[in-house]
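Participant: Below is a structure I'd like to ask you about.
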């Protein structure tokens with residue numbers, strides 16, 4: 001098992017992921033210690049299974065929210081607890097098996113060398129990726145880069161990334177949004193506004209079929225409306241911050 005870190009932890013928000021979550025957690029634990037799972041009101045029986053895993057593994061902790069509140073809310077719950085225990089950084093990854101546990105160490109080591117930055121995964125898609133989602137994310141990425149005057153967000157939506165906890169928590173406490181699916185792009189943009197440098201690292205992503213145990217809660221209409229509203233708000237914030245962003249870019 002890996003050596004325990006007192007500063008960096010893996011944080012896995014989880015909502016009705018099915019049995020695939022156990023493989024995700026085992027893969028993460030093989031790479032890192034500690035790993036925390038925030039169960040976001042799951043009703044699929046995985047809460048009990050995860051608790052049993054944690055009973056036999058001192059490097060695994062399971063936090064349980066009574067109701068589904070959204071990915072951002074689950075992450076916030078986790079980072080508040082992590083900050084209270086002295087952790088400074090979290091690597092977030094999805095519970096459904098799409099994200100590459102084998103990249104955890106590389107991302108964490110990059111963060112440890114450049115602790116003021118956020119380390120963003122840039123997804124490397126294979127043939128399993130739905131073409132509509134691959135093409136659609138380009139729109140969100142373009143808006144995120146416009147809203148930051150191209151500070152270097154390689155991918156705004158990929159949730160496999162390392163955040164410095166203090167600035168992320170400060171941003172989330174000031175903002176009552178960032179609680180659901182739109183958490184990842186808004187977090188990246190707002191941290192750029194706080195002058196947190198993005199570091200981009202390629203990472204493979206796998207879209208699992210239902211036969212492979214894949215579970216997706218993505219709803220094209222609902223979640224694209226949510227993203228559109230998020231970018232509308234962010235563009236207004238961008239206009240208000242434009243003089244500062246231009247000054248930073250000129251003097252970088």
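Participant: Can you give the calculated 222 nm mean residue ellipticity of the chain, where each DSSP H run of n ≥ 4 adds -39,500 (n - 2.57) and the sum is split over every residue, rounded to the nearest 500 deg cm²/dmol? Don't skip to the answer; put the middle values down first.
Facilitator: Values: 8 runs with 116 residues, N = 252.
Helices in the chain give a 222 nm mean residue ellipticity of -15000 deg cm²/dmol.
Participant: Have a look at the DSSP beta bridges in the chain and tell me what percent are antiparallel, nearest 5.
Facilitator: 20 percent
Participant: Separate question: Which ordering of 65, 11, 242 is given by a fewest-first count of other beta-carbon atoms within 10 Å?
Facilitator: 242, 65, 11
Participant: Another question, if that's okay. Return the FRET efficiency for the residue pair residue 84, residue 112: r is the Cβ-Cβ distance, R0 is 22 Å, and the value is rounded to the nearest 0.05. Walk me through the numbers before you get to the answer.
Facilitator: Details: r = 21 Å, r/R0 = 0.96.
After rounding to 0.05, the efficiency reads 0.55.
Participant: Gap in Å between the Cα centre of the range 130-201 and the Cα centre of the range 37-107?
Facilitator: 20 Å
Participant: If you don't mind, another one. What is the helix-to-structure angle for 46-55, meaning the angle in degrees between its Cα long axis and the longest Cα principal axis of the chain, kept from 0 to 90 and rounded to the nearest 10?
Facilitator: Taking Cα atoms only, the helix is inclined about 70 degrees.
Participant: What ranking of 5, 156, 140, 115 emerges when the number of other C-beta atoms within 10 Å of each C-beta is taken as an exposure proxy, fewest first?
Facilitator: 115, 5, 140, 156
Participant: How far is helix 131-147 tilted, in degrees, relative to the longest principal axis of the Cα atoms in the chain, given as a value from 0 to 90 rounded to the nearest 10?
Facilitator: It is inclined by approximately 50 degrees.
Participant: Expressed as an acute angle from 0 to 90° and rounded to the nearest 10, what is the orientation of the C-alpha long axis of helix 104-113 relative to the principal long axis of the chain?
Facilitator: Compared with the principal axis, the helix lies near 50 degrees.
Participant: Using the number of other C-beta atoms within 10 angstrom as an exposure proxy, rank 199, 139 with the fewest first. Intermediate values should be presented prior to the final figure.
Facilitator: Working: 199 17, 139 14.
Fewest to most other Cβ atoms nearby, the residues stand as 139, 199.
Participant: For a quick protection proxy, order the peptides 101-107, 24-30 by their average other-Cβ count within 10 Å, most packed first.
Facilitator: 24-30, 101-107
Participant: Return a whole-number percent for the relative contact order of the chain, with Cα pairs under 8 Å and 6 or more residues apart as the contact set.
Facilitator: Value for the chain: 22 percent.
Participant: Classify the range 77-119 as rounded, prolate or oblate, taking a ≥ b ≥ c as the square roots of the eigenvalues of its Cα gyration tensor: rounded when a/c is under 1.5, otherwise prolate if a/b is larger than b/c and oblate if not.
Facilitator: oblate
Bear in mind that the values in this text are calculations on the coordinates, not laboratory data. In this text, all values refer to a predicted model and were calculated from it rather than measured experimentally. Don't worry about glycine lacking a Cβ; one is built from the backbone with ideal geometry, like all the others, and counts go over all protein chains shown.
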